[in-house]
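Written below as structure tokens is the structure these notes are about.
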Amino acid sequence: MANGERDGWDKAAIILQPVGGLLAALAVAALGFFGSQFLERREASETRVRVYSELMSKREEAESALRKDMFLSIIESFLGPGTTPIESKVLNLELLAYNFHESLNLKPLFAHLSKQITTTNEIDKREYTARLQRVAREVVRKQMLVLESAGKKYDRTSDLEELRNSHGGIQLNDATLKLGDIQRLFRVFVLKADSELKELKIRLEVTTPLDDSEEDTYDVEFRVGYFDFPMVDNTRLSQDQRCAIVLNAFDEYSADITVVYFPGSYASLREKPYYEEVMQKLLQP
């Protein structure tokens, strides 16, 4: 029986040996086939990504060149020799505001052109002023939509009649806003109102609680009007955060403002974070 069993195992080994070799060959072939398919798909995906990146890079270069030519052509009307009609300047400022409001501080141009419109004798001066205010409010609206989506805000109304009767300004109701892990207390004092320029002189106090029951208070004074854009005209806070105040409405009796608190990464392109803030972010676990 032992010899018979050995003979059976020998026969089974003789039969299964080529089958095992065939299975091994099939496994190697399948591995090579699926491996080559995976590599081909990966290579095709990398090729598509590379082509897309090259196309986007060329598109950005073309857009940058176009925007550069547009900017130089428009700014020439303000800084170049000779006189340019008020209507052309208003149109050029509209083009600048709609295309470059995230990277340029256009308030000086708005203020300068508004003063020129006020002193001109053209019969359409009211229309030009309305166009300036309309484009300024539209730019503020677009920027606030972006900032509100990433940050926090609150609205306040200043009683200008009470302000005129005060001796040193009035304080609006405080607000506490939390962005990320940082909570801050915001206090706004309206010190003065300019009815001609439709501007408010404001003192902003921002208090941040620290460890060991301590607080850090930062205060700043500035003017805010219709030509102040929050992405550009803002106050830098600690931890790469920003705060801005926009003027929504101004009349004889009251002025409406909005305080927006947002991450520094949403500030204008010309605002660069401090190296210390960048290093702190990179070193965070």
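Numbers below:
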| read-out | value |
| --- | --- |
| Residue tally, condition of a type outside the set (S, T, N, Q), touching a residue at least 24 places away in the same chain (Cβ under 8 Å) and part of a strand (DSSP E or B), over the stretch 169-184 | 6 |
| Count of the stretch 39-59 residues which are under 30 Å from the mean Cα position of the chain (by Cα) and of a type in the set (Ser, Thr, Tyr) | 3 |
| Candidates ASN99, ASN121, filtered to the one that is over 24 Å from LEU145 (Cα atoms), at pLDDT below 85 and either surrounded by fewer than 17 Cβ atoms within 10 Å (Cβ to Cβ) or of a type in the set (Phe, Trp, Tyr) (or both) | ASN121 |
| Near pairs, Cβ below 8 angstrom, 6+ apart or cross-chain, from the stretch 33-49 (in contact (Cβ under 8 Å) with a residue 40 or more places away in the chain) to any residue that is part of a helix (DSSP H, G or I) and surrounded by 10 or more Cβ atoms within 10 Å (Cβ to Cβ) | none |
| Scope the stretch 46-90; condition charged (D, E, K, R), surrounded by 11 or more Cβ atoms within 10 Å (Cβ to Cβ) and modelled with pLDDT of 75 or more; matching residues | GLU87, LYS89 |
| Candidate set: the stretch 87-103, residues that are touching a Ser or Thr at 6+ places or on another chain (Cβ under 8 Å) and not in a helix (DSSP H, G or I); chosen: the one farthest from GLN143 (Cα to Cα) | SER103 |
| Residue check for THR207: exposed (fewer than 15 other Cβ atoms within 10 Å of the Cβ), modelled with pLDDT of 85 or more and touching a strand residue (DSSP E or B) at 6+ places or on another chain (Cβ under 6 Å) | no |
| Test: residue in the stretch 219-233 that is assigned to a strand (DSSP E or B), touching a strand residue (DSSP E or B) at 6+ places or on another chain (Cβ under 8 Å) and crowded, with 17+ Cβ neighbours inside 10 Å | yes |
| Pair list, Cβ < 9 Å and 6+ apart or interchain, from the stretch 157-168 residues that are free of Cβ contacts under 8 Å to residues at least 40 places away in the same chain and surrounded by 14 or more Cβ atoms within 10 Å (Cβ to Cβ) to residues that are part of a loop (DSSP other than H, G, I, E, B) and not charged (D, E, K, R) | LEU163/GLY169 |
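The values are calculated or read from the model by the stated rules, or taken from the named source; none is laboratory data. Nothing here was measured: the structure is a model prediction, and the numbers come from that model. Note: ideal-geometry Cβ built from the backbone for every residue, glycine included; neighbour counts use all protein chains shown.
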